[in-house]
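**Q** Okay, handing you the structure first.
Derivation of every value follows stated rules applied to the coordinates shown; laboratory data play no part. All values derive from a computational prediction rather than experimental measurement. Glycine also receives a Cβ, built like all others from the backbone with ideal geometry; neighbour counts cover every protein chain displayed.
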Amino acid sequence: MTRLLGFLIEGVAKGQTYVFHVVLPDGVRAEARQDLAALQAVEGVDYVLHSPPPEMKLAADDFEGQAKFANASVKVDGWIVLFPYFRHALLLDAPVATIFPDGIPVAFPVPDPGAWGPNGYHLRWRQQVQSLLNGSDRVVTFSNHVADEQAGRLFGVPRDKIHVVPHAPPNLSHLATYAHNGVTANSRSVAANLLRSHAIERGWSQLADFPFEEVDYIAVSTQDRVTKNIRLVAESVRMILREERRSLKLFTTAPLHFGATWTPLPNQLEYDQMVGDVVSMTDLPRDVHAAFYHCAALAVHPSIFEGGLGPFPFYEAVSVETPCVMADGPHIRELVMDEPGLAEFVFDPNDSRKLRDLILSTLQNRDVALALQKASLSRIAVYGWNQVAAAYSEAAISGKVAQ
């Protein structure tokens, strides 16, 4: 969601109609300022950061105190709430539009007594979300399937209160100017140097001299949770390595939680002795994230469900010259309705062998795949983040979605 905020701020900067005021705890202000400085936007012009002063001594989780600070010190026409469990947003004076990205904990419940038992963390989450959705003036979803099946059916939000505002496609090309002439030996070298420099900075000694530009790897940019399905990619890579005898690695931005019981991935890697073949690179800065995609042979997004119309990794990877294959799901079906040519890059999220075959065929015809996907992206990109930001702003202020 912080990435979404960044895209919205860039949209505001392009549209030059609204100014975003961002309220955040004082303890993360410096980190947020550094991160947002990488955007194509100007602080103080397109967006303004607000934090309770240190003398207020507000804890980072004192949301009631932050709401009181916002009412007293930040004058806005409407609020956009990024997280649907921030129920303290109901204390804000101006109208509230709450983003409801999905209801994954309810739609895909984890078999964990700590989640749904008395005072369970997902039980509390559902209660908090229900409270905020009920009290918000407007609810914004990214797609029709979330509006109908989750906000409406699971949380009872009236359809006329929901505003569907699809994402515009994220574009990382301004962070990878070395890739503007396509994939070249020089562009991969520049991207690889960025990745190695970041590895040294983070103390990832095993990657400090890794030849990213020479080794084919699959890029998976996502979290590790029940719907993200990373284990399927790991299994497909295992088959390519062990059965096809082809050199390939899997790099993911998801952390590997060895010993965890809520994710099958770490145990799978240990059982298959693939710990060295699947590498985690977490919390990448925006420019390094773009390099992560550009150096990859292929991006794979295995998630069975996303709240938006199509997945961010598809748009991001293709924008820096790397093709992407995607698991089937309601988010993909909405996308393919508009771009039927993308259907050949969609795989069954339960079939690792079909994914193996799709990875191999796409790598073999990488240039053709990339050309087809870039053509789709160019058509989708007619709808820009300036329009998305305006739609969010209008929803917050008046309840009407800008066209």
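**Q** Could you tell me whether the stretch 141-216 comes out rounded, prolate or oblate from its Cα gyration tensor? Rule is a ≥ b ≥ c as square roots of the eigenvalues, rounded for a/c under 1.5, then prolate if a/b exceeds b/c, otherwise oblate.
**A** prolate
**Q** Can you tally the net charge around Pro52? Count Lys and Arg as +1, Asp and Glu as -1, for every other residue whose Cβ sits under 13 Å from the Cβ of Pro52.
**A** With Lys, Arg at +1 and Asp, Glu at -1, the net is -2.
**Q** Any idea which of Asn144, Pro340, Cys295 is furthest toward the positive side of the dipole for the chain, if Lys and Arg beta-carbons carry +1 and Asp and Glu beta-carbons -1?
**A** The residue sitting farthest along the positive end of the dipole is Asn144.
**Q** Per the Debye formula with a single identical scatterer at each Cα and no solvent contribution, what log10 I(q)/I(0) holds for the stretch 113-179 at q = 0.15, 0.23, 0.24, 0.26 Å⁻¹?
**A** The Cα Debye sum returns log10 ratios of -0.63, -0.95, -0.99, -1.07.
**Q** When a/c is below 1.5 the answer is rounded, else prolate if a/b is larger than b/c, else oblate, so apply that to the stretch 55-128 with a ≥ b ≥ c taken from the square roots of the Cα gyration tensor eigenvalues.
**A** Taking the square roots of the gyration eigenvalues as a ≥ b ≥ c, the stretch 55-128 is oblate.
**Q** Summing -39500 (n - 2.57) over the DSSP H runs of n ≥ 4 in the chain and dividing by its residue number, what mean residue ellipticity at 222 nm do you reach, to the nearest 500 deg cm²/dmol?
**A** It lands at -12000 deg cm²/dmol.
**Q** If you don't mind, there's one more thing I want to ask. Using only alpha carbon pairs under 8 Å that are at least six residues apart, calculate the relative contact order of the stretch 1-80 and give it in whole percent.
**A** Here the relative contact order equals 33 percent.
**Q** Rg and Dmax of the stretch 193-276 over Cα atoms: what are they, in angstrom?
**A** Just the Cα atoms of the stretch 193-276 yield Rg and Dmax of 13.5, 36 Å.
**Q** Once you wrap a convex hull around the alpha carbon atoms of the stretch 19-154, what is its projected area averaged over all directions, in nm²?
**A** That works out to 9.9 nm², a quarter of the Cα hull's surface.
**Q** Which angle between 0 and 90 degrees, to the nearest 10, do you get for helix 286-295 versus the longest principal axis of the chain when only C-alpha atoms count?
**A** Helix 286-295 sits roughly 30 degrees off the main axis of the chain.
**Q** May I ask you to give the average projected area over all directions of the convex hull of the Cα atoms of the stretch 301-403, in nm² rounded to one decimal?
**A** For the Cα atoms of the stretch 301-403, the hull's average projected area reads 6.9 nm².
**Q** I want to check the label-to-label distance for Val45 and Asp93. Put each point 7 Å from Cα in the C-beta direction and report it in nm to one decimal.
**A** 3.0
**Q** Quick check: pseudo-label points 7 Å beyond the Cα along Cα→Cβ at Arg202 and Ala72, how many nm apart are they?
**A** Label at Arg202, label at Ala72, 4.0 nm between them.
**Q** Along each of the three principal axes of the Cα atoms of the stretch 207-359, give the extent in whole Å, ordering the values from largest to smallest.
**A** 40, 32, 30
**Q** Jot down the per residue volume, in cubic angstrom and as a whole number, of the convex hull over the alpha-carbon atoms of the stretch 257-346.
**A** About 128 Å³ per residue, rounded to a whole number.
**Q** Using Cα-Cα distances under 8 Å and only pairs 6 or more residues apart, what relative contact order does the chain have, in percent?
**A** For the chain, the relative contact order is 18 percent.
**Q** Which order do the peptides 308-314, 327-333 come out in when sorted by mean C-beta neighbours inside 10 angstrom, highest first?
**A** 308-314, 327-333
**Q** While we're here: How compact is the stretch 127-254 by the rule of thumb for globular proteins, expressed as Cα Rg over 2.2 N^0.38 Å?
**A** Here the answer is 1.52, to two decimals.
**Q** Separate question: For the chain, find the longest principal axis of its Cα atoms and tell me its angle to the long axis of helix 366-380, 0 to 90°, nearest 10.
**A** Once rounded, the angle reads 20 degrees.
**Q** Under the Kirkwood approximation applied to all pairs of distinct alpha-carbon atoms, what is the hydrodynamic radius of the chain in Å?
**A** 22.4
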